[in-house]
Each structure stands twice: as structure tokens, then as C-alpha cells.
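**Q** Below is a structure I'd like to ask you about.
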Ligand code: 13P
Ligand code: SF4
């Protein structure tokens, strides 16, 4: 089947089955273009919580589809490529988190949304990159643990001066960015602003003109008077940036900024997932109930 026919059939299937397609900004351009909603983790969670659709096809990675299922337990949530995971989400396991909790019963557990349902179920509250600062202002007087991203954790900890332990997890693409790369890129593009995602190390973040979630970075380039930007996040975001700002120039900080798992999903995978209603995400009831409390609190405090 050619691409045009597949897109038409997908539209028809969506109508027949009352389905929506959600896509993260790190997906390929083809996938983002067929989505009903593109967004960062927070925006996509909000859509998943509010949608009237019967089926959600989630073009992203496993924790995102799982989050959609937890927030919309009555809906059928499909992940077009079941193997698409987030390596960082696996860096904290329930057994280790439980051990930490037993040893530190006074610490409130703050969980980045890039985590498994079982870890969310052991946590007090979830945050995303766009909501972490806003939410954690409510916890300024608490003793905290942040799992699993040590970089985003360090960024928020410094910004709000928190008493917060940091789990040693990281995003394998953002964590590799270096100050030297920023300096080289600034030399090559002297008129460009450098903007970065907070999953990056603090020394790189301190070099940036702006720090934000994927949606935050997108809004920044749309609203800025500046014409040229060096982008310090996964390269999928360039697709939307270029579409929204055709007259501006974007340079990816390094071509290595490509998430293997985010790039696994193709248009055909989405079409087949919806046609066959395959690769449904399920979450055990007891885990779902506890994880939902942490996610509902996140949605409430990020308003
Ligand atoms: P946001 O889109 O929430 O900024 O998250 C980035 C990310 O790494 C998702 O995996
Ligand atoms: Fe996980 Fe990093 Fe890929 Fe996001 S970009 S899904 S945090 S590995």
C-alpha cells in the first residue's frame, strides 16, 4: 500500500473506531503528521485523561502509553511497537525503590513520568519536564527523593534549593551532551541561541539561553524574535519547529541526538495497530489505582 492510501485508510479507521492518535515530538515527521495531537509528556497525558475516544493509539514509548492507560482505564490503549521503551524508565526498579523507602521513611517520593507503572505506584507524586518546577514548589519544605533522572532532578533541586536525593538514572542521549559541543556549535553559528532540555547535565544547562521541555522549547522558538537556534534535545522536535517557523534556522547540537526507541514506530505500525487493534497496554488493577493517585496529583498541581 502506498503512503497516500495508508493515510486515507487510517483516517477512515479512526472515524469507524472512534480512535485518536497521540504522538510525541520525538517521533518521525511522518508519524507526527498523522497524529491528532502532538505534544510533550504533560500535554499528551492531559489529552489522554480528557479524550472521548474509545481507542488511543500512542506513538511514543512504553511508559507514555502506560500513563495514558492509567489515566484512561476504560479506553483501549495501543502501542504500535511493543518493544519501544525508554531505557531511563528501567533504571529504577520497584524492588530497589521499596528498599530506599524502607530505609528513608521520611522522604516523599517524586517520580518523573519516564518510569514504569510499578514505580509510579510506589511514588507520592509524578512530574514531567514541563511541570517539575511548578509542582515541586509545593514540596519545598519536604525531604524528597527524585527518581529516576539525576539530571532533571539536579536542575530542579538547584533552581528551588530543595532537600532532594537524586536517583542515579539518566537519559542516554541527553546525558552525553557536553559543554565542548556547545562551544563548538556556538563558534560555528555565532548568531544562534542555544536551547536545551533539562534531561541534560547541569554544566551544559548552565550554558543555555533557555531550558525547557520539548513543548517549552517549541513555544520558545515560535515566540522568540531570534532567527537561529542550536537545539539541545532529540532531533524529532526539528520537524515541528521547521513546520511552525519556516523562516527560522535550526541546528541540532549533535546528530547523535536521536532516540532509538522513539524512532522505532513507522506509519505502517500505526496503521496495523489500529486496523488489528493490536499491542494493547494493560496495567494490573492494584498498581493502576496507586499509580493513578500520583498522576492525578501531577495533573492537578500542573494546572
Ligand atoms: P518531554 O516531552 O515531556 O519534554 O519529555 C522528553 C522525553 O524525554 C520524553 O521521553
Ligand atoms: Fe527515554 Fe531519553 Fe528516549 Fe526520552 S529521549 S524516551 S528519556 S531514552
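The values are calculated or read from the model by the stated rules, or taken from the named source; none is laboratory data. This one's a predicted model, so the numbers in the text were calculated from it and none came from an experiment. Quick reminder, even Gly has a Cβ in these numbers, built from the backbone with ideal geometry, and neighbours come from all protein chains shown.
**Q** Give the stretch 173-192 a look and list any residue that's touching a helix residue (DSSP H, G or I) at 6+ places or on another chain (Cβ under 7 Å) and loosely packed, with under 15 Cβ neighbours inside 10 Å, or say none.
**A** Residue satisfying the conditions is 179 alone.
**Q** Something else now. Output the number of residues of the stretch 288-303 satisfying the condition of being surrounded by 19 or more Cβ atoms within 10 Å (Cβ to Cβ) and outside any helix (DSSP H, G or I).
**A** Summing the residues that are surrounded by 19 or more Cβ atoms within 10 Å (Cβ to Cβ) and outside any helix (DSSP H, G or I) in the stretch 288-303 gives 0.
**Q** Among the residues of the stretch 193-218, write down those that are within 10 Å of ligand 1 (Cβ to nearest atom) and either touching a helix residue (DSSP H, G or I) at 6+ places or on another chain (Cβ under 9 Å) or more than 14 Å from residue 130 (Cα to Cα) (or both).
**A** 197, 198, 199, 212, 213, 214, 215, 217, 218
**Q** Something else about it: So which residues in the stretch 59-81 are assigned to a loop (DSSP other than H, G, I, E, B), closer than 15 Å to residue 117 by Cβ and out of contact with any strand residue (DSSP E or B) (no Cβ under 6 Å at 6 or more places or on another chain)?
**A** Of everything in the stretch 59-81, those that are assigned to a loop (DSSP other than H, G, I, E, B), closer than 15 Å to residue 117 by Cβ and out of contact with any strand residue (DSSP E or B) (no Cβ under 6 Å at 6 or more places or on another chain) turn out to be 61, 72, 73.
Rundown of residues vs (1) crowded, with 16+ Cβ neighbours inside 10 Å; (2) over 25 Å from residue 81 (Cβ atoms); (3) touching a helix residue (DSSP H, G or I) at 6+ places or on another chain (Cβ under 9 Å); (4) at pLDDT 95 or above, yes/no style:
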| site | (1), (2), (3), (4) |
| --- | --- |
| 220 | yes, yes, no, yes |
| 236 | yes, no, yes, yes |
| 250 | yes, yes, yes, yes |
| 253 | yes, yes, yes, yes |
| 270 | yes, no, yes, yes |
| 286 | no, yes, yes, yes |
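**Q** Scan the helices (runs of 4 or more DSSP H) fully inside the stretch 156-234 and keep the ones with 2 or more residues being in contact with a strand residue (DSSP E or B) (Cβ under 9 Å, 6 or more places away or on another chain) and without any contact (Cβ under 8 Å) to a residue 12 or more places away in the chain.
**A** In the stretch 156-234, no matching helices (runs of 4 or more DSSP H) lie anywhere.
**Q** Assess whether residue 265 counts as being more than 16 Å from the chain's Cα centre (by Cα), within 23 Å of residue 61 (Cβ to Cβ), at pLDDT 95 or above and part of a loop (DSSP other than H, G, I, E, B).
**A** no
**Q** Another question, then. Can you report the number of residues in the stretch 25-38 which are in contact (Cβ under 8 Å) with a residue 24 or more places away in the chain and touching a strand residue (DSSP E or B) at 6+ places or on another chain (Cβ under 7 Å)?
**A** 7
**Q** For the structure I just gave you, tell me whether residue 238 is within 16 Å of residue 130 (Cβ to Cβ) and in a helix (DSSP H, G or I).
**A** Criteria not met by residue 238.
**Q** A follow-up question, please. Taking the stretch 47-56 as the region of interest, how many residues are surrounded by fewer than 24 Cβ atoms within 10 Å (Cβ to Cβ) and within 18 Å of residue 115 (Cβ to Cβ)?
**A** 1
**Q** Can you pull out the residues in the stretch 57-79 that are more than 16 Å from ligand 1 (Cβ to nearest atom), crowded, with 24+ Cβ neighbours inside 10 Å and more than 16 Å from residue 40 (Cα to Cα)?
**A** 69, 70, 77, 78
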